[in-house]
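The values are calculated or read from the model by the stated rules, or taken from the named source; none is laboratory data. Note that the coordinates shown come from a computational prediction; the quantities given were computed from them, not determined experimentally. Here Cβ is always computed from backbone atoms with ideal geometry, including for glycine, and neighbour counts include all displayed protein chains. To get the accessible areas, we keep the full protein, side chains included, count just its heavy atoms, and leave off ligands, DNA and RNA. Shrake-Rupley method; radii C 1.70, N 1.55, O 1.52, S 1.80 Å.
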Amino acid sequence: MNYQNDLAFARQQDEQDPLKDFRSRFLIPKHNGEDVVYLCGNSLGLQPASAQQYLADQLDTWKNLAVEGWFQGDDPWLDYHKSIAGSIARIVGAQENEVAVMNSLTVNLHLLMVSFYKPDNKRFKIIMEGGAFPSDQYAMESQVKFHGLDPKDAIIEIFPREGEVTLRTEDIIQTIDQHKNELALVLFGGINYYTGQFFDLKAITDAAHAAGAYAGFDLAHAAGNVPVQLHNWGADFACWCSYKYMNSGPGGISGIFVHEKHFTGKELNRFAGWWGYRRDKQFLMAPGFDPEIGAAGWQVSTSPILLLALFKASMAIFDDADGLDTLREKSVRLTGYLEFLIREINQEQGEEVYRIITPADPATRGCQLSVVCKRNARGIFNYLAQNGVIGDWREPDVIRLSPVPLYNTFEDVYKTAGLIADALKAV
Ligand SMILES: *Cc1c(COP(=O)(O)O)cnc(C)c1O
């Protein structure tokens, strides 16, 4: 891709963008009367303009039908989640019955650990990426302790080599192999929240299986951002949140993937609830748990219809964008443009004032660039915010900027880079 450092180029890219009409389907906050440049979809995606209507429709159903809403109306609540499972299945490369939309992310991670982490004397270790999102670290620690084990013995974290910031796939595979006799589970993020590194999930899955362990993934930063093929890669399980790249609103509903090879596995524990019971017999209320065949059998509680409505509003937009392929193509170019412009600034400065720690190969990253600022990082972040650019801040000196293909433009990226350059003089 030949990029150019000028506004006319950016505007021309926007003009030619096959996804250009999607921006208007989101509500963009204002700063001094103008749209902000919102580069924070890695943390909380923007509100679909249709979200209010989706919510209002369900409030109306509640008002007009009350309990009959479970079985009547245009979109009976009992099956309301099903269309969403289809959309999300396309996004994560799963069969529809391998996906269930339920709970929140860390809760789902715990539920899946109940099934896929059953340590014994021989196999009890979990391998994960060093510096995983704190909630995942706490979840793993507490799971290990729950089984009476010491996290120091049971959790193996892989860190980058000396002088490097991201992990090498060969090191991940080698660590898995090294612990293969004691390994129960490899649990990785799809994309590391801090560095933005997109791991080779297929290679990790294969290595975990070769070691006789399960492979599970937390796709919080990957789902809706980068293409994944959970089914074909043979991952055992995965979970994600939907409020980041999938725009379902703060604390929005999460989801799980369970590979079909585990649907009938009697050796898997689960914490059951009536919503996971076989649908054809759910209302017989019989004793003894008989799960629905599929990821749906991991559901516990009654569907939160209002949260599902918000998610459905967003999934309709993904459906219209026809899945992830077109989005990914734009995303690679958009993030590449930001990278190009930041490099230009460094070149002008004659030093690497802004060090991008996210991998340079587009195949190993998604939307996000994590930028270490060598001069007055906090001041530069504040300067961006004061000028209407919303990124996010990670201690001690990292700014994460995520141009999202559904609603960000090349002009957004151009404007951001201009401010990043100006900030060096202004703060
Ligand atoms: C965002 C994120 C979470 C947040 O979990 P919640 O249960 O939704 O609060 C957990 N793990 C990772 C990797 C994340 O990126």
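Any of Lys125/Lys330; Lys122/Lys281; Lys152/Lys374; Lys30/Lys312; Lys180/Lys202; Lys152/Lys261 with alpha carbons more than 29 Å apart? Name them for me.
Details: Lys125/Lys330 40 Å; Lys122/Lys281 39 Å; Lys152/Lys374 34 Å; Lys30/Lys312 25 Å; Lys180/Lys202 18 Å; Lys152/Lys261 32 Å.
With Cα atoms farther than 29 Å apart: Lys125/Lys330; Lys122/Lys281; Lys152/Lys374; Lys152/Lys261.
Might you tell me the accessible area per residue for the chain, computed with a 1.4 Å probe and given in Å²?
Details: 18290 Å² over 427 residues.
Per-residue value: 43 Å².
Roughly speaking, what is the centre-to-centre gap between the stretch 295-371 and the stretch 134-208 when only Cα atoms are used, to the nearest Å? If we compute the Cα centre of each part, the gap is 22 Å. Seen against the Cα atoms of the chain and their longest principal axis, helix 325-349 is set at about 40 degrees.
Near Tyr214, the amide H atoms lying under 5 Å from its own belong to Leu185, Val186; only residues 5 or more places off or on other chains count, and H is placed 1.01 Å from N. With every protein chain left in place and a probe of 1.4 Å, what is the accessible surface of Lys312, to the nearest 10 Å²? For Lys312, the solvent-accessible surface is approximately 40 Å². The figure for His31 is an accessible area of roughly 50 square angstrom, using a 1.4 Å probe on the protein chains alone. Using 0.36 nm per residue and subtracting the Cα-Cα separation, the extra length available between Ser135 and Ser301 on full extension is 57.5 nm. Accessible area ranking (1.4 Å probe, heavy atoms, ligands and nucleic acids excluded), largest first, for Phe257, Phe271: Phe271, Phe257.
Expressed as a whole percent, the accessible surface of the chain that belongs to carbon and sulfur atoms is 50, based on a 1.4 Å probe.
Taking Cα atoms only, the orientation of helix 105-116 departs from the longest principal axis of the chain by about 50 degrees.
What the Cβ-Cβ distance of Glu351 and Arg168 gives, at R0 = 35 Å and to the nearest 0.05, is a FRET efficiency of 0.85. Between Ala203 and Asn232, what is the label-to-label distance in nm when each label sits 7 Å out along the Cα-to-Cβ direction? So the label points at Ala203 and Asn232 sit 1.8 nm apart. Near Gly255, the amide H atoms lying under 5 Å from its own belong to Met102, Trp240; only residues 5 or more places off or on other chains count, and H is placed 1.01 Å from N.
Considering only beta bridges that DSSP places wholly inside the chain, some 55 percent are antiparallel.
Helix 201-210 axis versus longest C-alpha principal axis of the chain: approximately 40°, rounded to the nearest ten. The Cα center of the stretch 74-114 and the Cα center of the stretch 232-290 differ in position by 7 Å. Note on Glu395: accessible area is roughly 130 Å² with a 1.4 Å probe, heavy atoms of protein only.
Before rounding to the nearest 500, sum -39500 (n - 2.57) across all DSSP H runs of length at least 4 in the chain and divide by the residue total; then give [θ] at 222 nm in deg cm²/dmol. So the helix-based figure for the chain works out to -11500 deg cm²/dmol.
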